[in-house]
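Below: the structure, in C-alpha cells.
The values are calculated or read from the model by the stated rules, or taken from the named source; none is laboratory data. Please read all numbers here as calculations on a predicted model, not as lab measurements. Using ideal geometry, Cβ is built from the backbone for each residue, glycine included, and neighbour counts are taken over all protein chains shown. The accessibility values were calculated without ligands, DNA or RNA, using every heavy atom of the protein model including side chains. Shrake-Rupley method; radii C 1.70, N 1.55, O 1.52, S 1.80 Å.
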Amino acid sequence: MEAYEDMIRHTSSKQAPWCVVPSDNKWFSRIIVAAAIIDRLESLNLAFPRLDTAKQKELQEIRKALETPSKIRKSK
C-alpha cells in the first residue's frame, strides 16, 4: 500500500492530477468519474470566441443561405 501511495503522490501534478476511483461499486465509480470530469471542465473557464462585426455579418449570411431551401431537381 505504501508503494501505491508513493506512486500517486510523486506522479500526480497540477497539470495532470490523479483521481483514484474505487472499482468495487460500478455506479459509485461512474459518479466519481463524472464529477471529476465536470470539475475539470468547469475549471477551464471556456468561452466562445468573440467575433468582430464583419465576421458576424458573414456568419449571418452563411446561415441564411443554409436555411434557404435549395431548388434541387430529382433525376428521372
- Filtered residue count, the range 3-22, keeping only those that are open to solvent by 90 Å² or more (accessible area, probe 1.4 Å) and at pLDDT below 90: 5
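Here are some residues: LEU46, LEU51, LEU66. Which one is loosely packed, with under 10 Cβ neighbours inside 10 Å and either in a loop (DSSP other than H, G, I, E, B) or among the polar types (S, T, N, Q) (or both)? Steps first, answer last, please.
Values: LEU51 fails: loosely packed, with under 10 Cβ neighbours inside 10 Å; LEU66 fails: either in a loop (DSSP other than H, G, I, E, B) or among the polar types (S, T, N, Q) (or both).
Of the residues listed, the single one that is loosely packed, with under 10 Cβ neighbours inside 10 Å and either in a loop (DSSP other than H, G, I, E, B) or among the polar types (S, T, N, Q) (or both) is LEU46.
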